[in-house]
1. Tell me, what is the FRET efficiency for residue 106 and residue 133 to the nearest 0.05, using R0 = 25 angstrom and their Cβ-Cβ distance as r?
2. Put 153, 13 in order of accessible area, largest first, 1.4 Å probe: what do you get?
3. Once each part is reduced to its C-alpha centroid, what is the distance from segment 94-119 to segment 140-208 in angstrom?
4. What share of Cα pairs, in percent, lie more than 18 angstrom apart in segment 1-57?
5. Counting DSSP beta bridges with both partners in the chain, what percentage is antiparallel, nearest 5?
6. Mind giving me the FRET efficiency for residue 38 and residue 199? R0 is 35 Å, r the Cβ-Cβ distance, nearest 0.05 is fine.
7. Report the FRET efficiency, 1/(1 + (r/R0)^6), for residue 56 and residue 116, where r is their Cβ-Cβ distance and R0 is 25 Å, rounded to 0.05.
8. For the chain, restrict the atom set to alpha-carbon positions and state the Rg and Dmax in Å.
Amino acid sequence: MTITITAFERSPDGGQGMARDMRVRWALEEVGQPYGVRLLSFKAMKEPAHLALHPFGQIPTYQEGDLALFESGAIVFHIAERHAGLLPDDPNARSRAITWMFAALNTVEPPIVDREVAEYLEDETWYEQRLPFIDERIRERLGELSGRLGNADWLDGAFSAGDLLMVTVLRRLEGSGILEEYPNLSAYVARGKARPAYKRAFVAQLAVFTAAPTA
């Protein structure tokens, strides 16, 4: 059955791999599964046809036969469970990899997204007042993560879906200067971006943006 995902017709990030369909594309590339992409405008994301797939009107969604999923983490988990390559065979290692998936999205990502929301949506004065507190929360999490990673290549042995999600989360700090304060995390992200599957997913997402007509 053909896999179809949804993505922005015109990504706000300029096709730089920050949109969350990048996570799903990367996972599919890692496990060698072909997929199609249905592009959506912001208007179409709020229309009934898409809301039937994603009740919150966001991207990505995942369709395969009569299965429809939303939420990038859940989709990556589904892919990792169905196809070899993103979760270890050993039951304990598998559970640890899944734990890192949750940690990436529930513990590390929230303050990073909070920083983005404050920067783009809040009043400038309020943003300037809040930024030091947000950055302090981010640095606390990065310090803990950096200490756990140490000199290892990946979070728990071989590359897993936990690393895939964590790398995409940390990438959201690129350009802020914060990630560079933790050399092992910067190197960790660079290793993720150097993977052939990541590169294929990035090129595919960027191609959508560069091919899209300017508004």
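The values are calculated or read from the model by the stated rules, or taken from the named source; none is laboratory data. Remember, predicted model here, so these are calculated numbers, not experimental data. Backbone-built Cβ (ideal geometry, glycine too); neighbour counts: all protein chains shown. All accessible areas refer to the heavy atoms of the entire protein, side chains included, with ligands and DNA or RNA removed. Shrake-Rupley method; radii C 1.70, N 1.55, O 1.52, S 1.80 Å.
1. 0.80
2. 153, 13
3. Centre-to-centre (Cα) distance: 12 Å.
4. 37
5. 60
6. With R0 = 35 Å, the Cβ-Cβ based efficiency is 0.95.
7. In this case the efficiency is close to 0.90.
8. 17.4, 52
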